[in-house]
Each structure stands twice: as structure tokens, then as C-alpha cells.
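Nothing in this text is a laboratory measurement; each read-out follows from the coordinates by a stated rule. Note that the structure is a prediction, hence the values are computed from the model and not measured. Glycine gets a Cβ as well: all are built from the backbone with ideal geometry, and neighbour counts include every protein chain shown.
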Amino acid sequence: MDRSLRKTADAIVRAGIEAVLPDAAVARALERFDPGGGRVVLVAAGKAAWQMARAALDGLGHVDAGIVITKYGHVRGELPGVVCCEAGHPVPDQAGFDATRRALALVQGLAARDRVLFLLSGGGSALLEQPLLPAGQLQDITRQLLACGADIVEINTIRKRLSAVKGGRFALACAPARVFSVVLSDILGDPLDMIASGPACPDRSTCAEAAAIAAKYALRLSPQARALLARETPKSLDNVTTCITGSVRQLCRAAAAACEARGYRPVLLTDCLSCEAREAGRFLGAMARTHAGQGRRLAFLAGGETVVHLTGHGLGGRNQEIALAAAPGLAGLRAAVFSVGSDGTDGPTDAAGGYADGSTLAALAAQGWQVDAALRDNDAYHALQAVDGLLYTGPTGTNVNDLSALLIDG
């Protein structure tokens, strides 16, 4: 492994994530918050929920009641006046259902002068959930959607129709109280109704689109699920004010600045990356073969969210697949590819992403690993683990998509 390139990659990851922590963004949003003269109830859901709630409490001083619903391992301590719950992601579980019931109980019976401060981040689709069909069916449909290669907009178009809180229904449950929603975006283009499946936003998707997605991926659905897909979601809400904050664009800008500070000329390829993860990795590897060896230090950056089509039974995530797929293209070059999820978790693993450089392919072969076979089995985690190619950050407190980068060291 090229230790110098690995050290640089780690530093760029840290700088990028630090720049998109939600603290300052939540503080700015609260400048617009009108407490209304009644009770203030805080509900935070998503992978960044704990960090957002702490920032809100720092600004407000206190709330009358509150709940945080976040992923397992993402609660970092007690918050005054707020119950902190952890639950399953990306497949919802009973802990999430129970926590959502508690959240709904907090907002029931509120008056018009009361306020719900709703802090939402990516991952909320799984974490804030009250299913309209048996839990086992919802979990099975979620697994099908995650395995088939559907993108996040397609997944959430289906999920919001199976839920009593998605697609604007949480805001309806808060009425007549007003909802002040602060949203940390983790979807390209910031489509408000799709971020965490839009619990406090009118839904722009249609039943026809949901049916088309179900057909496209041949989803196995019960008659009850098909009937729910045919039920329209709320198309207007009159008790919500929303502030979107944070984005993958900001993450890319911060990473570019970190690259430049370390002597690399940054080139932003896109902040809308959306394709198969392994294809993105192969593309970055091909870019390395074109630009390496020209005496220039270059950094090619891409932000967005790729997808993985599950064909095997291994362990990994989309960022790990990007790094592993890049390894053949990098072989023998003074170059590296790294890719990381800004929330600190990549797929159902404890790693944030993956790293590969010019020595990775040979190191994998020495350990008995073949890149194509590992990708077919979706086992990027164990392949990269064997060559010290996993990136770890732990839960970061934010969630604004992924950062992928190609570093060329001359």
C-alpha cells in the first residue's frame, strides 16, 4: 500500500465530513423558527438525528418534549428533555416502529399555537416508520428494493405508500400545530418529498409511477401491498415550513479545497453521480490510466449516490465496490481511488467506504482474491479487509451522500 496516498485520502475524508456537519446549518435554520407561544416538541429522525437535535438544543436551550430516532450506534449521549432511540437501517425493525409510535404520541393533541421542530436526515425512511401492512411484508419489500438496483427515488416512491408517516402523513398527524422542518439532504437535486420519504412534505409522485416501479423490478407484492400502492398520498399541506440545509455539493467543495491544500489540482467531475457502483469504480480506474505519469498531481472528485445490484451473498457497500472495482485500472500506478459515505457507514458494514491504489491488485492476488469474483459475490468488504483497504470513520453525525475521488500523484 502507498502509505502517503492513504494518509492523504484519510485527511481529505476528514476535511470533507467536518465541513458538512449539521451544527452550523441547524443554527442558521433556527433563526427562522417561531416558537409560537405554546409547547415546542422536537422530533428528529435519520442518521444525523442526534447531532441535529444536539445543535437545536444548543440554540433553543430546551424543548417541552422530544425524541431522537437514529441508527444503531449513532446516539452519542443523553440530551436534556429528549428520549434517544436507536433502530434498524436500512431495513426497518420493531425498535423503529416502537420509537415512531412514541413520536406520534408526542405530537397528538397539540394546539395551533404549539410547534413541532422536525429535524430530518437521510435514513429516516427506515427509522421513522409505522407500516400500513404487516411488518414482515414491509421488511421483505424493503429488501427486494435494496437488492434489485432501484435508485433512492424509486425506492421511496414505493415506501411512502406503505407507511402511515411518509409522504406528508407525519405533518398531518401534527395538525393543527405547525411543523418547522429542517432537512439535511442526502438525495441528488434535493427533492424534498423524497428525502427520508418526505414525512412533512406533499408528495409529488403518483400511484401510476409506483405501479410502474413495481412492474419494472418485478416486485413480489401481496394484494394488500398492491392496494396501498393504488392509494394516493397527500398532495398539499398547510401547516409546514421547511428549510433544506447541507448537500453533497458542499461536501465536494470542501474535499476539493482539501485536495488543493495538499498540492493537487482538483477537478469536480460531477456532484450528481448516479450509476452502478462497480461501473463508477471502473471509470475512475480508467481515468487513472489516461492521466497518470504526466508529472501532474490531480484529484478527480465525484459526489452522489451509486447503486449496487445484489448478485451474491457477500458483505459490502456501494463505496467499497467502487474502490474494489477501480483496483485493476490503478495497478502499477502512483494513483489511488477512495470512496466514502458521509454518514460513516457503507451498506450493512462497520466501514465508511473503501480505498485502493496501484498496489492493491497485486496484494489481493497474493491473498487469493480476484476482483471480478469478489464483485460478483458482492464481497468487497472482505476483499478490501484482506489488504487494509477499508476506511473507518465511525458515525459522523451527518449524511449528505457519498464522496468518491481519484488521486494521481504525478
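Structure values in brief
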item: Cα gyration tensor, the stretch 21-246 - rounded (a/c under 1.5), prolate or oblate; result: prolate
item: Normalised contact order of the chain, rounded percent, pairs of Cα under 8 Å and 6 or more residues apart; result: 17 percent
item: For residue 114, distant residues with modelled amide H under 5 Å away; result: 39, 178
item: Nearest-0.05 FRET efficiency for residue 218 and residue 362, computed from C-beta distance (R0 60 Å); result: 0.90
item: Label-zone membership for the stretch 228-260, site residue 24, 7 angstrom Cα→C-beta point, backbone N under 14 Å; result: 246-247, 250-255, 257-258
item: Net lengthening on full extension, residue 290/residue 11 (0.36 nm per residue, minus Cα-Cα); result: 97.9 nm
item: DSSP loop GluC sites (Glu not before Pro) with at most 15 other Cβ within 10 Å: longest gap in the chain; result: 233-410
item: Spin-label model distance (nm) - residue 62 vs residue 3, 7 Å beyond Cα toward Cβ; result: 5.4 nm
item: DSSP-assigned coil residues among trypsin sites (Lys or Arg not before Pro) in the stretch 154-235, each with at most 15 further Cβ atoms within 10 Å; result: 204, 220, 231, 235
item: Convex hull volume per residue in cubic angstrom - Cα atoms of the chain; result: 122 Å³
item: Residues of type lysines that residue 166 reaches as a straight line, Cα spacing below 16 Å, ignoring anything fewer than 8 places off in the same chain; result: 235
item: Between helix 94-107 and the chain: long-axis angle, C-alpha atoms, 0 to 90°, nearest 10; result: 40 degrees
item: Integer Hz, Karplus 6.51/-1.76/1.60 couplings in order for the stretch 271-287, x for Gly and Pro; result: 10, 10, 5, 8, 6, 5, 4, 5, 5, 4, x, 4, 5, 5, x, 5, 4
item: Amide hydrogen neighbours beyond the local backbone of residue 243, cut-off 5 Å, H modeled; result: 181, 182, 183
item: Alpha carbon centroid spacing (whole Å) that separates the stretch 232-296 from the stretch 24-82; result: 28 Å
item: FRET efficiency estimate (nearest 0.05) - Cβ-Cβ, residue 275 to residue 386, R0 25 angstrom; result: 0.40
item: Label point distance in nm, residue 111-residue 235, each placed 7 Å from Cα along Cα→Cβ; result: 3.5 nm
item: Sorted peptide list for 387-398, 88-99, criterion being average Cβ within 10 angstrom, highest first; result: 387-398, 88-99
item: Neighbour-count order for 273, 384, 132, fewest beta carbons within 10 angstrom listed first; result: 132, 273, 384
item: Residue 227 versus residue 311: modelled label distance in nm, points set 7 Å from Cα along the beta carbon direction; result: 3.9 nm
item: Other-chain or far-sequence residues with amide H under 5 Å of residue 297's (modelled H); result: 265, 410
item: ³J(HN,Hα), Karplus 6.51/-1.76/1.60, whole Hz, each residue of the stretch 113-130, x for Gly, Pro; result: 7, 7, 10, 10, 8, 10, 10, 10, 9, x, x, x, 4, 7, 7, 9, 8, 10
item: Residue 257-residue 72 FRET efficiency (beta carbon distance; Förster radius 22 Å; 0.05 resolution); result: 0.10
item: CD proxy at 222 nm, helix term only [per DSSP H run n ≥ 4: -39500 (n - 2.57); per residue of the chain; nearest 500]; result: -11500 deg cm²/dmol
item: ³J(HN,Hα) computed for each position of the stretch 27-41 - Karplus, 6.51 cos²θ - 1.76 cosθ + 1.60, integer Hz, glycine/proline x; result: 4, 5, 5, 5, 4, 9, 7, 9, x, x, x, x, 7, 10, 10
